[in-house]
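Enquirer: What follows is a structure written as structure tokens; I'll ask about it next.
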Amino acid sequence: MKKKTVYVCRNCDHQTSSWLGRCPACGAWNTLEEETFEYDEPTSDKKNTRLSMLTRGVGESEPIALTGGDIPEYMRVKTGMAEFDRVLGGGLVSGSVILLSGEPGIGKSTLLLQLCAFLQSEGKLLYVSGEESCAQISMRAKRLGIKSDNIFVLTETDAEKVIKKSEKLAPKLIIVDSIQTMYHSQSAAVPGSVTQIRESAAMFISAAKASGTSVILVGHINKEGGIAGPKILEHMVDTVLYFEGERRQNFRLIRAMKNRFGSSSEIGVFEMTDKGLVEVENPSKMLLSDRPKNTSGNCAVCVMEGTRPIIAEIQALTSPTVFPSPRRMSGGIDYNRTALIIAVIEKRLGLHFSNCDVYVNVIGGMRIEETASDAATAMALISSMRDLPVPDDLICFGEIGLSGEIRSVSRVGGRVAEAIRLGFTKIAVHERCAHDIENVPDGVKIVPIKTIFDLLSLMAK
Ligand code: TYD
Ligand code: MG
């Protein structure tokens, strides 16, 4: 056995023989981490190691026709936690490996313990913890009111032992909390290092594929917000989920970043309460619940999260600045996008923000990534600047171009239907979209808009 130390980039898996501050392949700073390999000469072959990591579980096989009858089908189990099933594409697939990551304290362990409660009627479930003691987990279970003979807890950090013990138990689902605490006893690297994470993840993946047990791996995230460990981890697993939200607020979202068994743009919505996470079936209603009436500086918008339309509220506040260079702050919405919208308003409408601090925020800890929210951001900004409220029953969506034009958005039907369901009666959309909307109920007015000038006329007088 020979030992070799290399430095591997967390971002792109590039390898170098010495430590460097910046990865020569992808240019990222501070991403090189030490890895120690043990290998037998002369069979060591890095390429093969990488390939075997990705293909573990596929096994040796003969070519068969794709339409052949003997290809086994995947079994899907509905967990009963509707929001979780939705992100998974309709339920938990047997033998699949899911990586669930999120900030510390966001509620990953809580969510998974609650998932066990939902699944306990399906068979035995194993919750492996490398972070908390049995007593801590049982305390949390008590707090959540979970009591079941089918949920087993194991505090162990040796991946091999976990797999051996789970073989005896034959659970339907293994939860590993967290993959960063697991280690492979035959690897010389320290626990938590790139090598150990990759090795132990590979062990769980091959065990899952061989036995048909589903595995959920909890992943820590690093300072930059990515999943701690090698990038290859995300390639190895079937599904990558992010659990996100503002820790100080109660709104929590599970977002699928990759899903081999369903759409990768779905989200699940939860609220953290003193009795654990509660599913939110109607997030728009929750987000709009405390909306102030007849106040300047806020506007409703409908954004698509996967196939689901969600209505959020964008708020803007402009106030005279005391700083030589005014402050610009945006929460839940891209800062550069906000700066662009401010610039368009200044140039096209002649409203000047240069003496004002500008704060833009999306309520409820939501993050909006769609440009369809541009029109609402502009409405909120203009409304705050002129101190004229946007009518409470008005909602608008559209992307803003640099010439001040408002562009059409996708899936207008779904957005409009959600807006009508929540009681909005004035819906401002691009002219072209306005023509496509059918079955508008009485009392609801579709207002066509073409440029940001049209937004001015929508303000309450
Ligand atoms: P936890 O699941 O331990 O987070 P993670 O595993 O992602 O680090 O729980 C995080 C927080 O949730 C913790 O600060 C306490 C809070 N919490 C509640 O508000 N209600 C509850 O019922 C539980 C169990 C936890
Ligand atoms: Mg935890």
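The values are calculated or read from the model by the stated rules, or taken from the named source; none is laboratory data. Values in this document were obtained by computation on a predicted structure and should not be read as measured data. Neighbour counts are summed over all protein chains in view; Cβ atoms, including those assigned to glycine, are modelled from backbone coordinates with ideal geometry. These area figures cover heavy atoms from the full protein model, side chains too; ligands, DNA and RNA do not enter into them. Shrake-Rupley method; radii C 1.70, N 1.55, O 1.52, S 1.80 Å.
Enquirer: Describe numerically, in nm with one decimal, the distance between label points set 7 Å from Cα along Cα→Cβ at E103 and at S265.
Expert: 2.6
Enquirer: I've got another one for you. When a/c is below 1.5 the answer is rounded, else prolate if a/b is larger than b/c, else oblate, so apply that to region 76-164 with a ≥ b ≥ c taken from the square roots of the Cα gyration tensor eigenvalues.
Expert: Judged from the Cα gyration tensor, region 76-164 comes out rounded (a/c under 1.5).
Enquirer: Something else: Near Y359, within a Cβ-to-Cβ distance under 12 Å, what is the net charge of the other residues, with Lys and Arg +1 and Asp and Glu -1?
Expert: Neighbourhood net charge equals +1.
Enquirer: Something else now. With contacts defined as alpha carbon pairs under 8 Å and 6 or more residues apart, what's the relative contact order of region 121-194 in percent?
Expert: 43
Enquirer: Keeping every protein chain present and rolling a 1.4 Å probe, give me the accessible area per residue for the chain in Å².
Expert: Computed with neighbouring chains in place, this is 48 Å² per residue.
Enquirer: Right, next: Could you pull out the pairs from K4/K165; K209/K258; K108/K164; K78/K172; K285/K450; K258/K285 whose alpha carbons sit more than 22 Å apart here?
Expert: K4/K165; K108/K164; K285/K450; K258/K285
Enquirer: Assuming R0 = 56 Å, can you tell me the calculated FRET efficiency for the pair H352 and H235, based on Cβ-Cβ distance, to the nearest 0.05?
Expert: Efficiency computed from Cβ-Cβ geometry: 0.70.
Enquirer: In nm, give the distance between the simple-model label positions of E405 and E122, each being 7 Å from the Cα along the Cα-to-Cβ direction.
Expert: According to this spin-label approximation, the distance is 5.0 nm.
Enquirer: Fully extended, how many nm does the chain gain between K78 and V447 (0.36 nm per residue separation, minus their Cα-Cα distance)?
Expert: My answer for the length gained is 128.6 nm.
Enquirer: Which value in deg cm²/dmol, rounded to the nearest 500, describes the helix-derived mean residue ellipticity at 222 nm for the chain, given -39,500 (n - 2.57) per DSSP H run of n ≥ 4 and division by the residue count?
Expert: -8000 deg cm²/dmol
Enquirer: Next up: Once a ≥ b ≥ c are taken as the square roots of the eigenvalues of the Cα gyration tensor of the chain, is the result rounded (a/c under 1.5), prolate (a/b larger than b/c) or oblate (a/b not larger than b/c)?
Expert: Taking the square roots of the gyration eigenvalues as a ≥ b ≥ c, the chain is prolate.
Enquirer: Suppose we keep just the DSSP beta bridges with both residues in the chain; what percent of those would be antiparallel, to 5?
Expert: Around 55 percent antiparallel, to the nearest 5.
Enquirer: Mind checking which aspartates and glutamates have their Cα closer than 19 Å to the Cα of K347? Skip sequence neighbours fewer than 8 apart in that chain.
Expert: D357, D374, E399, E405, D454
Enquirer: Continuing with this model, one more query. Check the cysteines of the chain one by one and keep only those with no other cysteine Cβ under 4.7 Å from their own.
Expert: Flagged as lacking a Cys partner: C116, C134, C299, C302, C356, C396, C433.
Enquirer: What full-extension length gain, to one decimal in nm, is calculated for K142 and K165 as 0.36 nm per residue of separation minus the Cα-Cα distance?
Expert: 5.8 nm
Enquirer: Using a 1.4 Å probe and counting only protein heavy atoms, arrange R255, R348 so the residue with the most accessible area comes first.
Expert: Highest to lowest solvent-accessible surface, that is R348, R255.
Enquirer: Still on this structure, I have one more. Counting pairs of alpha carbon atoms under 8 Å apart in space and at least six apart in sequence, what relative contact order in percent does region 207-330 give?
Expert: This gives 13 percent for region 207-330.
Enquirer: What percentage of the solvent-accessible surface of the chain, computed with a 1.4 Å probe over protein heavy atoms, is contributed by carbon and sulfur atoms?
Expert: 51
Enquirer: A further question on this structure: Using 7 Å Cα-to-Cβ label points, what is the D149/D274 separation (nm, one decimal)?
Expert: 3.3
Enquirer: May I pose another question? Please state the shape class of region 386-433: rounded when a/c is under 1.5, otherwise prolate if a/b exceeds b/c and oblate if not, all from the C-alpha gyration tensor.
Expert: oblate
Enquirer: Another question, then. Would you kindly state how much longer the chain becomes between N30 and T321 on full extension, computed as 0.36 nm times their sequence separation minus their alpha carbon distance, in nm to one decimal?
Expert: 101.0 nm
Enquirer: Follow-up question, since we're still on this one. Arrange the residues D238, D392 by how much accessible surface each exposes, largest first, with a 1.4 angstrom probe.
Expert: From most exposed to least exposed: D392, D238.
Enquirer: Using the Cα atoms as the points, what is the convex hull volume per residue of region 363-461 in Å³?
Expert: So the per-residue hull volume is 109 Å³.
Enquirer: Counting Lys +1, Arg +1, Asp -1, Glu -1, what net charge surrounds S129 among other residues with beta carbon under 11 Å of its beta carbon?
Expert: After counting each charged neighbour, the total is -3.
Enquirer: May I ask you to work out the translational diffusion coefficient for region 197-293 at 37 °C, viscosity 0.692 mPa s, via Stokes-Einstein with Rh from the Kirkwood sum over Cα pairs, reported in whole µm²/s?
Expert: In µm²/s, the coefficient rounds to 209.
Enquirer: Before anything else, pin down the relative contact order of region 294-433: Cα pairs under 8 Å, at least 6 apart, normalised by residue count, whole percent.
Expert: Result for region 294-433 is 32 percent.
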